[in-house]
Amino acid sequence: MTSLRTLGSSDLQVFPLALGGNVFGWTADEAQSFAVLDAYVAAGGNFVDTADSYSAWVPGNEGGESETLIGKWLAARGNRSDVVVATKVGAHPSYKGLSAHTIKAGAEESLRRLGTDHIDLYYTHFDDETVPVEEIITALDQLVKDGKVRQIAASNISPERLRASLAFSEREGLARYVALQPHYNLVSRDTYEGELQDTAADAGLAAVPYFALASGFLTGKYRPGTAVDSARAGSAGKHLESERGRKVLAALDKVAQERDAEIATVALAWLAGRPTVAAPIASARTVEQLPALVAVADLQLTDQDLTELTEASA
C-alpha cells in the first residue's frame with residue numbers, strides 16, 4: 001500500500017500523483033475518462049485535479065465538461081468520500097476573475113457539476129490583481145465556513161500576492177492557503193524555483209505542480225525526426241529545440257535504463273522529490289498511459305540520479 005502524503009498544513013492525505021482532469025471531455029470521452037479514473041483508483045490513487053474552465057477551449061464546449069464527467073463517475077461509483085477532489089475558479093468563460101461574487105457563483109456551479117456538497121481543495125486558477133487579496137480570501141473563507149470547501153489553495157500567483165494573502169489570513173484568523181499549483185517540471189524550473197518556492201517553504205505550503213511532464217515531452221516520445229499524434233504536440237515538441245531539453249532527455253534515458261523504469265516515471269520522481277512538492281499532476285488519455293504515472297509512488301531515485309537530472313536541467 002502506497003503511503004499517502006499530507007498536503008501542507010491541511011488534513012488532506014493524498015496519493016503522490018494527482019490525476020489531471022484536463023483531458024476529460026476533451027481528448028478522452030466519457031467511457032475513456034471513466035476507465036482512466038477507475039484504473040487510477042485501482043492503483044491506489046485518490047487525488048483528482050480539475051477546473052471549472054476545462055475544457056472551454058474545445059470548439060462546442062463551454063467549460064465544466066471535466067467536472068461534469070468526474071461528477072458522473074463519482075455518482076456511478078459511490079466513492080465520493082474516498083477521493084480528494086481539487087478544482088479551480090476564475091477562468092471559466094462565464095465566471096472570470098476573482099471578485100467575491102464570482103468566487104461564490106463559480107463554487108456553486110462546480111458543486112452542481114461535481115454532484116457533491118463539498119470541494120476538498122479549491123484553487124484560485126489565475127490570480128486577479130484587480131481584486132484585493134482581502135476580498136479573495138474573505139470570499140474563500142466564507143465557502144470554508146459554509147462547509148462547501150475544505151481547504152483553499154492558489155495557482156499562478158506572484159510571491160508578493162501569495163505573501164499578502166497569507167499575512168491577511170493570519171492576521172484575521174481566516175482560512176489560509178495550504179497548497180500552491182505552479183508550472184514546474186524538469187525543463188521549466190524558473191517560474192517556481194526561487195522566491196515563489198521559498199515563500200511556499202517558509203509558509204509550509206505543499207506544491208502540486210502542473211505540466212509535470214511538459215505536455216508530454218518528458219515521456220520521451222518526442223524525439224528528433226519523429227511525429228507524434230497529440231493535441232499537445234506543438235507545445236511539447238518545442239523543448240527538442242533547446243539544449244536543456246536535449247540534455248534532460250539524455251539524462252532521463254540513462255536513469256530510466258539503470259532503474260528499469262519508464263522515462264515519464266523518472267521525470268515525475270525527480271519532481272516528487274523536490275522541496276515542497278507533495279504530488280505532481282499528470283493526465284492520462286488512455287488506461288495504457290497510466291501505469292508509468294502511478295509508478296512514481298514506488299520509484300526511489302538515488303541521490304546520484306537526482307543530481308544528474310538536476311544538473312542536466314539547470
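The values are calculated or read from the model by the stated rules, or taken from the named source; none is laboratory data. Everything numeric in this text was worked out from a predicted model, so none of it was measured. All Cβ positions, even for glycine, are placed from backbone atoms using ideal geometry, and neighbour counts span all protein chains on display. We work out accessible area using only protein heavy atoms, side chains counted, and drop any ligands, DNA or RNA first. Shrake-Rupley method; radii C 1.70, N 1.55, O 1.52, S 1.80 Å.
Out of the residues in region 191-229 that are over 25 Å from residue 122 (Cα atoms) and among the small types (Gly, Ala, Ser), which is nearest to the chain's Cα centre (by Cα)?
If we filter region 191-229 for residues that are over 25 Å from residue 122 (Cα atoms), which is where we start, we get 216-229.
Now drop any that are not among the small types (Gly, Ala, Ser), which leaves 216, 220, 225, 227.
Details: 216: 14, 220: 20, 225: 30, 227: 27 Å.
Applying the filter and picking the extreme gives 216.
Might you check whether a residue that is among the aliphatic types (A, V, I, L, M), out of contact with any Gly (no Cβ under 7 Å at 6 or more places or on another chain), open to solvent by 10 Å² or more (accessible area, probe 1.4 Å) and part of a helix (DSSP H, G or I) occurs anywhere in region 165-180?
Of the residues in region 165-180, the ones among the aliphatic types (A, V, I, L, M) are 166-167, 174-175, 178-180.
Those left that are additionally out of contact with any Gly (no Cβ under 7 Å at 6 or more places or on another chain): 166-167, 174-175, 180.
From the residues that got through so far, the ones that are open to solvent by 10 Å² or more (accessible area, probe 1.4 Å) too are 166-167, 174-175.
Subsequent filtering for residues that are part of a helix (DSSP H, G or I) retains 166-167.
Yes, because at least one residue in region 165-180 is among the aliphatic types (A, V, I, L, M), out of contact with any Gly (no Cβ under 7 Å at 6 or more places or on another chain), open to solvent by 10 Å² or more (accessible area, probe 1.4 Å) and part of a helix (DSSP H, G or I).
Across region 160-190, which residue is farthest from residue 137 (Cα to Cα) among those that are more than 21 Å from the chain's Cα centre (by Cα) and acidic (Asp, Glu)?
Residue satisfying both the conditions and the ranking: 160.
Taking region 14-46 as the search range and keeping residues that are without any contact (Cβ under 8 Å) to a residue 12 or more places away in the chain and not acidic (Asp, Glu), which one is nearest to residue 125 (Cα to Cα)? So that I can check it myself, show each step before the final result.
Pass one, region 14-46, residues without any contact (Cβ under 8 Å) to a residue 12 or more places away in the chain: 29, 31, 42.
Filter again for not acidic (Asp, Glu), leaving 31, 42.
Numbers: 31: 27, 42: 29 Å.
Across region 14-46, the extreme among qualifying residues is 31.
For region 98-109, state whether one or more residues are under 29 Å from residue 193 (Cβ atoms) and surrounded by 17 or more Cβ atoms within 10 Å (Cβ to Cβ).
Initial filter on region 98-109 (under 29 Å from residue 193 (Cβ atoms)): 98.
Checking which are surrounded by 17 or more Cβ atoms within 10 Å (Cβ to Cβ) leaves us with 98.
Yes, region 98-109 contains a residue that is under 29 Å from residue 193 (Cβ atoms) and surrounded by 17 or more Cβ atoms within 10 Å (Cβ to Cβ).
Out of region 116-134, which residues are closer than 23 Å to residue 10 by Cβ and either assigned to a helix (DSSP H, G or I) or of a type outside the set (S, T, N, Q) (or both)? If you could, list the steps in order and put the result at the bottom.
Step one: of region 116-134, the residues closer than 23 Å to residue 10 by Cβ are 116-127, 133-134.
If the condition is that a residue be closer than 23 Å to residue 10 by Cβ and either assigned to a helix (DSSP H, G or I) or of a type outside the set (S, T, N, Q) (or both), then 117, 118, 119, 120, 121, 122, 123, 125, 126, 127, 133, 134 are the ones that fit.
Considering only residues that are part of a loop (DSSP other than H, G, I, E, B) and in contact (Cβ under 8 Å) with a residue 12 or more places away in the chain, which ones fall in region 60-83?
Our first condition is that a residue be part of a loop (DSSP other than H, G, I, E, B); within region 60-83, this holds for 60-64, 78-79, 83.
Selection gives 61, 62, 63, 64, 79, 83.
Here is a list: 53, 94. Which entry is closer than 21 Å to residue 211 by Cα and among the polar types (S, T, N, Q)?
On the way: 94 fails: closer than 21 Å to residue 211 by Cα.
Within the list 53, 94, the selection yields 53.
If the requirement is being within 19 Å of the chain's Cα centre (by Cα), assigned to a strand (DSSP E or B) and of a type in the set (A, V, I, L, M), which of these qualifies: 152, 157?
Details: 157 fails: assigned to a strand (DSSP E or B).
After applying the criteria, what remains is 152.
Evaluate the following for residue 57: is it assigned to a helix (DSSP H, G or I), farther than 16 Å from residue 289 by Cα and of a type in the set (Phe, Trp, Tyr)?
Details: assigned to a helix (DSSP H, G or I): no; farther than 16 Å from residue 289 by Cα: yes; of a type in the set (Phe, Trp, Tyr): yes.
The answer is no for residue 57.
Among the residues of region 266-309, how many are among the polar types (S, T, N, Q) and within 15 Å of residue 212 (Cα to Cα)?
Start the filter on region 266-309 by keeping residues that are among the polar types (S, T, N, Q), which leaves 276, 283, 286, 289, 300, 302, 304, 307.
After this cut, where a residue has to be within 15 Å of residue 212 (Cα to Cα) as well, the list is 276, 283, 289.
Qualifying residue count for the region: 3.
Can you tell me how many residues within region 17-34 are open to solvent by less than 10 Å² (accessible area, probe 1.4 Å), in contact with a helix residue (DSSP H, G or I) (Cβ under 6 Å, 6 or more places away or on another chain) and in a loop (DSSP other than H, G, I, E, B)? It would help to see each step written out before you state the result.
Going residue by residue through region 17-34, those that are open to solvent by less than 10 Å² (accessible area, probe 1.4 Å) are 17-21, 23-24, 28, 33.
Now restrict to residues that are in contact with a helix residue (DSSP H, G or I) (Cβ under 6 Å, 6 or more places away or on another chain): 17, 19, 21, 24, 33.
Going one step further and asking which of them are in a loop (DSSP other than H, G, I, E, B), we end up with 17, 21.
The number of residues fulfilling the criteria is 2.
Does any residue in region 224-253 that is free of Cβ contacts under 8 Å to residues at least 40 places away in the same chain and farther than 16 Å from residue 189 by Cα come within less than 7 Å, Cβ to Cβ, of a residue that is of a type in the set (Val, Ile, Thr) and part of a helix (DSSP H, G or I) six or more places away or on a different chain, and which pairs are these?
Sorted first by the residue in region 224-253, then by its partner, the pairs are 253/263.
Residues being closer than 24 Å to residue 5 by Cα, basic (Lys, Arg) and open to solvent by 30 Å² or more (accessible area, probe 1.4 Å): count how many of those fall in region 78-97. First the steps, then the outcome.
Here is the first cut: in region 78-97, the ones closer than 24 Å to residue 5 by Cα are 78-88.
Within this subset, residues satisfying the condition of being basic (Lys, Arg) are 80, 88.
Next cut, open to solvent by 30 Å² or more (accessible area, probe 1.4 Å) only: 80.
Count: 1.
How many residues does region 35-67 hold that are surrounded by fewer than 19 Cβ atoms within 10 Å (Cβ to Cβ) and either within 17 Å of residue 116 (Cβ to Cβ) or of a type in the set (Lys, Arg) (or both)?
Count: 1.
Restricting attention to region 84-96, does a residue exist that is modelled with pLDDT of 95 or more and part of a loop (DSSP other than H, G, I, E, B)? Outline the logic, then answer.
The initial filter retains those residues of region 84-96 that are modelled with pLDDT of 95 or more, namely 84-96.
Right, trim to part of a loop (DSSP other than H, G, I, E, B) and you get 93-94.
Yes: one or more hits.
Would you confirm whether any residue within region 128-141 is open to solvent by 20 Å² or more (accessible area, probe 1.4 Å), among the aliphatic types (A, V, I, L, M) and without any contact (Cβ under 8 Å) to a residue 60 or more places away in the chain?
As a first pass, look at region 128-141 and keep what is open to solvent by 20 Å² or more (accessible area, probe 1.4 Å): 128-130, 132, 134-135, 138.
Checking the rest, the ones that are also among the aliphatic types (A, V, I, L, M) come to none.
There is no residue in region 128-141 that is open to solvent by 20 Å² or more (accessible area, probe 1.4 Å), among the aliphatic types (A, V, I, L, M) and without any contact (Cβ under 8 Å) to a residue 60 or more places away in the chain.
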